[in-house]
Amino acid sequence: MRQIIIIGSGPAGYTAAIYAARANLEPLVIASSVEAGGELMNTTEVENYPGFPDGIMGPDLMAKFQVQAEKFGAEVIYDDVVSLELAGEVKKVTLGSGESYEAKSVIFATGSAYRKLGLPEEERLSGHGLSWCATCDGFFFREKTIAVVGGGDSALEEATFLTRFASKVYVIHRRDALRASKIMQDRAFENDKIEFIWNSEVASINGDAAVDGVTLRDTVTGEQRELPLEGLFVAIGNDPRTHLVHGQLDLAEAGTIAVDGRSSKTNVAGVFAAGDVIDPTYRQAVTAAASGTVAALDAEHYLAAVEQAESESLALTH
Ligand code: NAP
């Protein structure tokens, strides 16, 4: 049986792995089959991670996290968790391959998933001019007219990045003020290829085989109009990825996993949570990494207490 299994391989998961490995707990990291490395794998330049004054590409940063975790003895498996049994002293983690692993403790650091617009044609046009990842798909939109939906840092980062390829990038935002940070706003406002469409939401995404436009609804007047486009990127935030633990772990009002105060302790003994999956507010790589540290230290204390209790009960029986 393992001491500790870490589910997730973003900044929270790998930082927890670094700490747990340095505590000689030989953590097993379940890194996911297609989304290993977490959200930074879909990012370009990361400019706000301390220690990298010249910036670092998201995937390069995550490769460094992994190397550091493995250097101290973490083991990484590229597979998806399909079910979890968290109650009881022995936790069971089953993977897509059918293999199961047991551990005394689990750190749940599954991050968050892209939010969808909730339109019926979203599924059908996904990958056909509709995308959630500018760094993955931007290249396909050379000299095209496209749009990004959203008003946060992600939307403006994606829009700015997409101007490397596209000839025109609209940013469609449902209000008349952005949520994004000042530096991102300034950069987007200065970019000649970016045009903002305020107070507008996407009523429908149009196109048979591929996106050829959207119908916009004015959020103030309710008026509708057509906007011809060759591509649409959705960047309206993320939702915590909690489906694996529904019914097992308590959730907070925001849909994140509930933890005890500033700790990573969930309502189940031996199960800890870290990163975006517990954080509805800050959701930065550096706060996720810090949260991974907290989880590893909490797990370490828990395992020490379990070991202490085991040796005391062993002493009593002799
Ligand atoms: P976010 O800050 O939650 O912003 C989401 C945006 O999408 C908001 O402008 C929101 O509009 C809009 N929106 C939400 N649901 C919508 C819907 N159904 N239809 C239309 N618009 C909708 O999410 P984010 O931009 O992904 O950023 C998440 C976190 O990551 C933030 O803390 C951000 O600072 C961080 N981040 C940082 C960087 C960086 O520092 N380089 C880059 C990316 C992300 P309202 O404003 O009206 O709510």
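Identify the GluC sites (Glu not before Pro) of region 70-117 meeting these criteria: DSSP loop state and at most 16 other C-beta atoms within 10 Å of the C-beta.
Filter output for region 70-117: 89, 99.
How far apart, in nm, are the 7 Å Cα→Cβ label points at residue 191 and residue 210?
In this crude label model, residue 191 to residue 210 measures out at 2.1 nm.
Say the dipole of the chain comes from +1 at the beta carbon of Lys and Arg and -1 at that of Asp and Glu; which of 272, 52, 234 then lies farthest toward its positive end?
So the residue we want is 52.
Between residue 282 and residue 203, what is the label-to-label distance in nm when each label sits 7 Å out along the Cα-to-Cβ direction?
Inter-label distance under the simple model: 4.2 nm.
Which whole-Hz ³J(HN,Hα) couplings does region 10-22 yield from phi under the Karplus relation 6.51 cos²θ - 1.76 cosθ + 1.60, θ = phi - 60°, glycine and proline marked x?
x, x, 5, x, 6, 5, 4, 5, 4, 5, 5, 5, 5
Report, for the chain, the % of DSSP beta bridges that are antiparallel, rounded to 5.
Restricted to the chain, the bridges split so that about 45 percent are antiparallel.
In debye, nearest 20: dipole of region 121-234 around its Cα centre with unit charges on the Cβ of K, R (+) and D, E (-)?
260 debye
Counting other Cβ atoms within 10 Å, keep those with at most 12, restrict to DSSP loop, and tell me which trypsin sites (Lys or Arg not before Pro) in region 242-318 are left.
Taking region 242-318 and a limit of 12 other Cβ atoms within 10 Å, the loop trypsin sites (Lys or Arg not before Pro) found are 262.
Can you tell me the length gained on complete extension of the stretch residue 318 to residue 1, counting 0.36 nm per residue apart and subtracting the Cα distance?
Difference between extended and current length: 111.7 nm.
Per DSSP helix of 4 or more residues, -39500 (n - 2.57); summed, then divided by the residues of the chain. What does that give at 222 nm, rounded to the nearest 500?
-8500 deg cm²/dmol
When the Karplus curve 6.51 cos²θ - 1.76 cosθ + 1.60 is applied with θ = phi - 60°, which whole-Hz ³J(HN,Hα) does each residue of region 45-56 get, with x for Gly and Pro?
So the Karplus estimates, Gly and Pro as x, are 6, 9, 9, 10, 8, x, x, 10, x, 9, x, 8 Hz.
Counting pairs on different chains as well as pairs 8 or more places apart, how many Lys pairs in the chain have Cα atoms under 28 Å apart?
Total qualifying Lys-Lys pairs in the chain comes to 21.
Can you compute the FRET efficiency between residue 68 and residue 218 using 1/(1 + (r/R0)^6), with r the Cβ-Cβ distance and R0 = 45 Å? Round to the nearest 0.05.
On the way: r = 50 Å, r/R0 = 1.11.
Rounded to the nearest 0.05, the efficiency is 0.35.
With a 10 Å Cβ neighbour count serving as the proxy for reagent exposure, in which order, fewest first, do 211, 306 appear?
Numbers: 211 23, 306 16.
Neighbour counts put them in this order, fewest first: 306, 211.
Using the per-residue mean of other Cβ atoms lying within 10 Å as a proxy for protection, in what order, highest first, do the peptides 37-49, 246-258 fall? Provide the component values of the computation, followed by the final result.
Numbers: 37-49: 18.9, 246-258: 13.7.
Highest-to-lowest ranking by the protection proxy: 37-49, 246-258.
Roughly what % of DSSP beta bridges within region 121-234 run antiparallel, to the nearest 5?
Of the beta bridges lying entirely in region 121-234, close to 40 percent run antiparallel.
In nm, to one decimal, how far is the modelled label at residue 239 from the one at residue 262, with both set 7 Å along Cα→Cβ?
Going by the 7 Å Cα→Cβ label model, 3.2 nm.
Multiplying the sequence separation of residue 226 and residue 136 by 0.36 nm and subtracting their Cα-Cα distance, what value in nm do you get?
Working it through step by step, the gained length comes to 29.7 nm.
Would you work out which of 130, 140, 194 lies farthest towards the positive end of the dipole of region 121-234, given +1 charges on the beta-carbon of Lys and Arg and -1 on that of Asp and Glu, about the Cα centre?
Of 130, 140, 194, it is 194.
Check residue 148: other-chain or 5+ apart residues with amide H under 5 Å from its amide H, H built from backbone geometry?
For residue 148, the qualifying residues are 170, 171, 172, 233.
Out of 117, 162, 19, whose Cα points farthest toward the positive end of the dipole of the chain (charges: +1 Lys, Arg; -1 Asp, Glu; placed on Cβ)?
162
Neighbour counts of other C-beta atoms within 10 Å: give me 93, 277 arranged from fewest to most.
Starting with the residue having the fewest Cβ neighbours, the order is 93, 277.
With charges only on Cβ, +1 for K and R and -1 for D and E, what is the dipole size of the chain about its Cα centre, in debye, rounded to 20?
280 debye
With just the Cα atoms defining each centre, how far is region 169-231 from region 252-288? Give it in Å.
About 33 Å separates the Cα centre of region 169-231 from the one of region 252-288.
FYI, it's all coordinate maths here, none of it is from the lab. The structure presented is a predicted model; accordingly, all values stated were derived computationally and were not measured. Note that we place each Cβ from the backbone using ideal geometry, even for glycine, and neighbour counts take in every protein chain shown.
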